[in-house]
Structure formats: structure tokens, C-alpha cells
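Below you'll find the structure, written out as C-alpha cells, and then a few comments.
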Amino acid sequence: MPLLFVLVALLLLSGPELSAQAVDPAALKPGRAPTQPVDEEYTKKILEYTTEKFFLSPLVDYLPASALPTPKAVLGDIAGAKNYFPYSKEVYAYMRLLEKSTPRVKVFSIGRTEEGREMIAVAVASESLMAKLDENRAKLAKLADPRSIGMNDAEAARIVSEVAPVYYITGTIHSTESGAPTALMELAYRLAADESPYVRHIRNNLVTLITPVVEVDGRDRMVDLFRWHMAHPGETVPPLLYWGHYVAHDNNRDAMALTLKLSQNVLDTYLSQQAQVLHDLHESVAYLYDNTVGDGPFNAWIDPLLTNEWQMIGWHNVQEMTRFGMPGVFAHGNFDTWSPGYLMFLAAMHNGISRLYETFGNGGADTEERTLRPNEYARTWFKQNPPPVRDVRQWRHRRDARADAGTVRYGADVVPAESRAATRHVVAPQQQQLRADRAPRLAQLLRHESASLPPELLREEQALGVEGPHRRAGRLRVQRRGSTARRAGRAAAGSPKTARRNFARGRAIFCERSCHACQSCGSPGRAGHHAATGSRNGDRGQGVPCGQLHRAHGPALFARG
């Protein structure tokens, strides 16, 4: 999905044709070029690995054939293949192979991490644009500092008619949100190889700049853990304690202090390339959330023209993706648009357009099935086409690639390459498998707590019949205070505390997934779980299922992304 969403965004922002024969971007329709053959083998794999047809669209339901190498040349399978995570060096190897194969691609080294790993940026555009990148940057610099042209509006308008904007896409600053690198590998290929009018317009009128892995140190550690998991099925996966150099989720809170190499390198690249947009790809909720639109409070130091552009681009994406028949695409939501600490705000605080997508990731390249909560599939004013209750997300990376690809094309029209890849691996958080030794106890607890389950899930369970204890236990939601909840607490942990799903003010909670060094049971979990993350949706991590009642570890912060 991210791939699809990104392609949609790219088309929107690519603007009018720079050549003499102007083309209206709104008149361009997605779909393959009739004269360009399709890579049949790759396309067959796309259809095989994507679990639902609605995750595809005319932008990403095929791969055009060309003389250029596809991601399969390095990975051995398509981007986002089931059960395979590439290291950063594999991602970089493909990008450099693509660079050697076409003048439409150029790879820049943009710096090193604290542990000495390389960070890169990949530019993709037409041959003519790539030949004059330096000239294009110089003209954009004049627009960035109008004093250099004597504040002359006529001269500014002339320059605007001659330059191509730069759309900068970054992926995987959060190492457990791991679908972006493979999605962006495929996006780079599509932008360079696809000869459809839709993609060609983007390539001819926009420079797409891609940093496929922002947190390189954490990415390689995440691949280590996933490969250990695949080699030890059924065993508890160790937590990813740190992603970067003594930092985890809050590496995306560093855009003001600039204490991390990743923040410094991305800012230097954004400024030196004179980019107009910084688009950061994340994973959390179903299915694709353009949370740049966000909610109040709004940062008073951001120009209202920019915040209006967030709305314009965001709702354009939602409309176009809905037109493709893709459910679960929405904007707005509980994301503050005040904090300048997010990576994307490097653009907003320099009068650029900051953007951020969340797709439904699960941290791995394997298949899960999830059942959504009522608030996740409810139809609201900002989510008119919600996702279905049951979500089978096979091969999370393929779904991310589809969504991200589509989005990018539409941001240029406005942008989704990553989503298709991510889509292939995910499903619902409540149904992660519990360890066998805890399942009987939790199943017993669930039988006493059936009255506390949401009516929607009770009806669904009745329709599905009796399920295994690990599935039923994973759906437990204790929603109220009272004698039933107190009995649940005593049964689960011998504690008289009330079980409530509330992370704030240290209240007792029932840990269904994993916890960060639980003070009651001592179980280790993913660093950053629950209130320790500073993230409102901390219960979506992988790790050791605790299954205990205990107090939340500190106050919960209300920030997402």
C-alpha cells in the first residue's frame, strides 16, 4: 500500500509538463503502457503474495518488463517476498546495480551512522533531468532565498516554469516498521522503467529522492532477529532493545536537537538537494493513514499555506485510493501537528511540505491474521471506507509495497510504492500466538471474562465456532471495573488490582502481547512497549507475551509516528 500511495502523491506534486507539449496531470490515468510488455514471472508473484485484491491497483498490480534489473536480481525473489528480509547492504547493492544500468538513477552517499554504516539517497528522474541536476538545484536555491533574485516575482515565476521539484522519501527510521526498504527498491525500478504516461509524467517533471533505510544500524539488527526467528520457529524472539546508538522509538523525536547522525544526514540531504517535500514512511494502523493532516494543536510557526497543503494532498490521496477500491485509507486522526521533533518536520520548519504515512505493519516478513477492534473498522467522518473486521495480511512487505507505490505516484500525483510489499505480512494484533505454557491459563481466564468481550467479537466467535485457546486468549479485552474484572485479576496474577485497558497514570493493565521488563512477572519484551515507548499505540509490538496483570511503567505520552 505505501508504494501505491507514494505514486499517487508523486503525480500530484510533479506539476505541469516541463516540455513544450504540456500535459494535465489530472487527465492521466494509471495503468500499464499497451506497448510495454509485462514481467510475467514477477507479476505472478505479486498476485500470489498479496492476500487481498483490494491491496492492488492499476499502479502496482503488474511489473513492467525492461532491460533494467528488478529487485529479484539481488534478492532472489520479488521485493517484499514472504519470509525474507534483506539487510541494508542488499538494498544498497540493488540501488547501485540499478544506477549502473540506467542514466535515470543516481546513488549518493549521504553520511555514516554512529556505528559506521553508510546512509544513501537515490535520485530517480528522466535522462534530461538527471543531466542537469546541479543546474536544477541552483535554480531551486534561488527560489529558496528570494533575496538572491531581488525579491522579483516575475523572475521567480520564470524560474518556477523551468525547474523540477524534488520529492524526498525516507523509510524505516523505526526499525520494527520494516517494510519500506523493499517497497522503495521496487518503487525505484518502477519510476525508472515504467513507460506508462502516468509514471513517465512523474519521471519527466519531478526528481524523486529516496533514502530507503534511515536507521541503518537498527535495520540490520532487526534482520538478524527475524532470521533467528525463522530458524527457531515457536521460540520466543528476543527483543530489539536498541535500534540505533542507545535509542529506540524516539529517534523520530530528534529533529530539533539533531543529536543523531540520521537526523543530521537527512537534514543535510534535504537542504543540499533543495527538496520541497520530505515524506517519511511508517507502520502502525489499518490500512493506510496519512497522518500529516493530523489534529490540533497546530504549530503556530508553520505557514498556514503549508498546513493547507497538508489537507489538500492528504484528502486527494484518500479520494484517489478510495476510487481504486482500496479500503482503510484515511487522513486526520490523533496525531499532533505541533511537535517539531518528528523527522518530517525538518521540512515544515524550513518552509517545505512534511508528510508521514502509517501502513499496517507487523514487524516481520511472515504471515499473520488479525481481527480489528471496533474503533478500527468503524465508519467515521474521516474514514468513510474503513477496513473489514478480519484482516489477513500475508507477507507484510508486499502490502507495504503496494500502498507506498501508489502513494508516491499520486504525490507526484501523490505517492504509494511501499504498501504492496507491507501488505503481504500482516494481520491483527489480538491474534498473535501465545506461548503454549500460558495458553491453558489464559483460556480459563477468558471463559470467566466472556461477558467483557466487545459484542462484535462475541458475535464473530459464535459465528466461527470454538477456536483454539491461543486465539481466544489473544482477544481478551477487560473493559470495565467491577467484580468480574477483579476475579480476572486474581485468576491471572493473584493480584486484587483491576484490569483496565488504560496506559496512563500507572493503572493496572492486562498485557496481552509483550511488555518492557514487566515489574510484576519479570518477563522481558520489546523495548518501547506500553507507556515506556512514549507512543500511544505501544501495544502493537512483538515480544514475549506477558499474560500478567501489572502496572503500566510510567505515564503514557500521546504521540504517534
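The values are calculated or read from the model by the stated rules, or taken from the named source; none is laboratory data. Source: prediction; values computed, not measured. A quick note on method: Cβ atoms are made from the backbone with ideal geometry, for glycine too, and the neighbour counts reach across all protein chains shown.
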Exercise. What tally of residues in the stretch 110-127 results from selecting those that are more than 23 Å from the chain's Cα centre (by Cα) and among the polar types (S, T, N, Q)?
Worked result: 1
For this session: Tell me, please, whether a residue that is touching a helix residue (DSSP H, G or I) at 6+ places or on another chain (Cβ under 8 Å) and more than 24 Å from Gly80 (Cα to Cα) can be found in the stretch 357-369.
Result: no
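Kindly establish whether Leu47 is assigned by TED's automatic domain parsing to the domain that holds Leu262, in a loop (DSSP other than H, G, I, E, B) and either exposed (fewer than 14 other Cβ atoms within 10 Å of the Cβ) or more than 24 Å from the chain's Cα centre (by Cα) (or both).
Working: assigned by TED's automatic domain parsing to the domain that holds Leu262: yes; in a loop (DSSP other than H, G, I, E, B): no; either exposed (fewer than 14 other Cβ atoms within 10 Å of the Cβ) or more than 24 Å from the chain's Cα centre (by Cα) (or both): yes.
Judged against the criteria, Leu47 is not a match.
Please verify whether the stretch 321-331 includes one or more residues that are without any contact (Cβ under 8 Å) to a residue 24 or more places away in the chain and in a helix (DSSP H, G or I). It would help to see each step written out before you state the result.
Keep residues of the stretch 321-331 that are without any contact (Cβ under 8 Å) to a residue 24 or more places away in the chain, which gives 323.
Imposing the further condition that a residue be in a helix (DSSP H, G or I) reduces the set to 323.
Checking the stretch 321-331: at least one residue is without any contact (Cβ under 8 Å) to a residue 24 or more places away in the chain and in a helix (DSSP H, G or I).
Run down Ile159, Ile120 and say which single residue is in the same structural domain as Arg200 (by TED's automatic domain parsing) and either closer than 30 Å to Tyr242 by Cα or not hydroxyl-bearing (Ser, Thr, Tyr) (or both). Give the steps one after another, and end with the answer.
Numbers: Ile159 fails: in the same structural domain as Arg200 (by TED's automatic domain parsing).
When all the criteria are applied, what remains is Ile120.
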Exercise. From the set of residues in the stretch 239-271 that are touching a helix residue (DSSP H, G or I) at 6+ places or on another chain (Cβ under 8 Å) and hydroxyl-bearing (Ser, Thr, Tyr), which is farthest from Gly325 (Cα to Cα)?
Worked result: Tyr242
Problem set entry | Criterion (closer than 27 Å to Leu271 by Cβ and β-branched (Val, Ile, Thr)) met by exactly one of Val166, Val199 | Val166
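From Val207, Val216, Val223, which residue is over 18 Å from the mean Cα position of the chain (by Cα) and either assigned by TED's automatic domain parsing to the domain that holds Lys100 or among the polar types (S, T, N, Q) (or both)?
Numbers: Val216 fails: over 18 Å from the mean Cα position of the chain (by Cα); Val223 fails: over 18 Å from the mean Cα position of the chain (by Cα).
Going through Val207, Val216, Val223 in turn, just one is over 18 Å from the mean Cα position of the chain (by Cα) and either assigned by TED's automatic domain parsing to the domain that holds Lys100 or among the polar types (S, T, N, Q) (or both): Val207.
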